[in-house]
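Trainee: Quick one: this structure, given as structure tokens, is what I'll be asking you about.
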Amino acid sequence: MAPASDNRLPRVYKEGAKVLKEVLESKRGLKDVIYSNRNKALHTKMFALLNKYLDYQNSVGKFIEETSLGKNAKDEFVMKLLCTELLYGKKRLPPIENHAIKNVQNAYKQYCDENNIADGNISIFETTANCDSPNSYEHFIATKKKLRYVRVNTLMISKEDLISTLVSDGFVEIPKSNSYDEFLTLIIEYTARTVNEEYFVQDYHLDDVLVFLQSTNFHDYAPYTSGSIFLQDKASCFPTHLLSPPPNSVVFDTCAAPGNKTLHLAAYMKNQGNIICVKQECLSQRTFPELVATLNCWSRPGIEAQPPDSKSNMFTPEPLRKVYAVHKNPNRFKYMK
């Protein structure tokens, strides 16, 4: 008889389910919750799997509903991650005699048999968008060919030097687009290619962001492990550019975890000035200084403080995602002392 431990659910699914539950119920950011998880060895795997679930949440929900998996699930979040892994991740589950894994595998096999679907064909669960033009943005979204955005950490390397490194390492640079329509057309064209080449292009809107195919793997790539590049969503790169604080500014970041936007601000300000970071939860206080220390930034020890009694003491423009700067009027701080 095999030891009971041989049939235990792998930790990436157990810990990932806890993270997913907290993300969905507390509305905290995925990276914030993952970085506060003590199992650092699982962070990369959990982020990849949970990100995949969030991308295909509706399709996974449809599969669970049509197979009635949700009726008898002991842990709905484990089930969601197992379905995501089988449908959109590795396309297979660990070959162990685990009850949760067997339930998902059996439901998938039964569904495929009942609907005459070849094993591994998940196109029925894809969501397609209606669009008139094959080169429209809607067409790109319908293909489910997502992109991977990479922000250049200009405190460590210039964009030009990074591009030279990428090209010397075998990446193919796509010429920069002259219009947004041209940019979308290029993206659609290159995501449709099946040749085994790695492409990248400079983002049309943000000059310190490069765009890669989602399949590009950076986890063992030297510029990533050294902190020269960040895997950062394009949306989270906009606040710094919208704010555009010059060097020696004082910036108040009232939502500073997990720290990507904060470090982007530091790079934009050329590491000159002051960024005051505030986070309601203290979960990320251990990881943030460690991250800063490896990325050519300097920081001071954090302090614990009670929030002001009146929320009117702090003005936070929502379009800037809770980030604002004090450029020339130090008196704005007098209510925060």
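Trainee: Give me the pairs: first residue in the range 162-184 and closer than 16 Å to LEU206 by Cβ, second residue charged (D, E, K, R), beta-carbon distance under 8 Å, and six or more apart or on different chains, which are they?
Mentor: Once the first residue is closer than 16 Å to LEU206 by Cβ and sits in the range 162-184, its partners that are charged (D, E, K, R) give ILE163/GLU173.
Trainee: Might you check whether a residue that is assigned to a helix (DSSP H, G or I) and within 16 Å of GLY16 (Cα to Cα) occurs anywhere in the range 62-77?
Mentor: Among the residues of the range 62-77, at least one is assigned to a helix (DSSP H, G or I) and within 16 Å of GLY16 (Cα to Cα), which makes the answer yes.
Trainee: From the list VAL201, VAL211, VAL251, pick out the single residue that is surrounded by 20 or more Cβ atoms within 10 Å (Cβ to Cβ) and in the same structural domain as ASN178 (by TED's automatic domain parsing).
Mentor: None of the others qualify; the one that does is VAL211.
Trainee: Here is a follow-up. If only one of LEU20, LEU49 is under 13 Å from the mean Cα position of the chain (by Cα), part of a helix (DSSP H, G or I), surrounded by 14 or more Cβ atoms within 10 Å (Cβ to Cβ) and at pLDDT 90 or above, which one is it?
Mentor: Values: LEU20 fails: under 13 Å from the mean Cα position of the chain (by Cα).
When all the criteria are applied, what remains is LEU49.
Trainee: Right, next: In the range 215-233, what residues are touching a Ser or Thr at 6+ places or on another chain (Cβ under 9 Å) and surrounded by 15 or more Cβ atoms within 10 Å (Cβ to Cβ)?
Mentor: Just the residues of the range 215-233 that are touching a Ser or Thr at 6+ places or on another chain (Cβ under 9 Å), to begin with: 218-219, 222-223, 226-228.
Matches in the range 215-233: PHE218, PRO223, GLY227, SER228.
Trainee: Also: What residue, of THR44, THR67, is in contact (Cβ under 8 Å) with a residue 40 or more places away in the chain, β-branched (Val, Ile, Thr) and surrounded by fewer than 18 Cβ atoms within 10 Å (Cβ to Cβ)?
Mentor: Details: THR67 fails: surrounded by fewer than 18 Cβ atoms within 10 Å (Cβ to Cβ).
Checking each option against the conditions leaves just THR44.
Per-residue answers, yes or no, for (1) within 24 Å of the chain's Cα centre (by Cα); (2) modelled with pLDDT of 85 or more; (3) not assigned by TED's automatic domain parsing to the domain that holds PHE218:
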{"position": "ASN115", "(1), (2), (3)": "no, no, yes"}
{"position": "GLY120", "(1), (2), (3)": "no, no, yes"}
{"position": "LEU147", "(1), (2), (3)": "yes, no, no"}
{"position": "SER158", "(1), (2), (3)": "yes, yes, no"}
{"position": "PHE171", "(1), (2), (3)": "yes, yes, no"}
{"position": "SER179", "(1), (2), (3)": "no, yes, no"}
{"position": "GLU182", "(1), (2), (3)": "no, no, no"}
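Trainee: Which condition breaks for GLU85 when tested against (1) more than 21 Å from ASN260 (Cβ to Cβ); (2) part of a loop (DSSP other than H, G, I, E, B); (3) not β-branched (Val, Ile, Thr)?
Mentor: In the conditions (1) more than 21 Å from ASN260 (Cβ to Cβ); (2) part of a loop (DSSP other than H, G, I, E, B); (3) not β-branched (Val, Ile, Thr), GLU85 misses (2) alone.
Trainee: Sticking with this one: So, of the residues in the range 27-41 that are surrounded by fewer than 17 Cβ atoms within 10 Å (Cβ to Cβ) and not in a loop (DSSP other than H, G, I, E, B), which turns out to be modelled with the highest pLDDT?
Mentor: Taking the candidates together, the pick is ALA41.
Trainee: Okay, moving on. Only one of (1) part of a helix (DSSP H, G or I); (2) modelled with pLDDT under 90 fails for ASN217. Which number is that?
Mentor: Evaluating ASN217 over (1) part of a helix (DSSP H, G or I); (2) modelled with pLDDT under 90 leaves (1) as the failure.
Trainee: Also, I was wondering about something else. Mind checking which residues of the range 248-267 are in contact with a helix residue (DSSP H, G or I) (Cβ under 9 Å, 6 or more places away or on another chain) and free of Cβ contacts under 8 Å to residues at least 40 places away in the same chain?
Mentor: ALA256, GLY259, THR262
The values are calculated or read from the model by the stated rules, or taken from the named source; none is laboratory data. This one's a predicted model, so the numbers in the text were calculated from it and none came from an experiment. Neighbour counts are summed over all protein chains in view; Cβ atoms, including those assigned to glycine, are modelled from backbone coordinates with ideal geometry.
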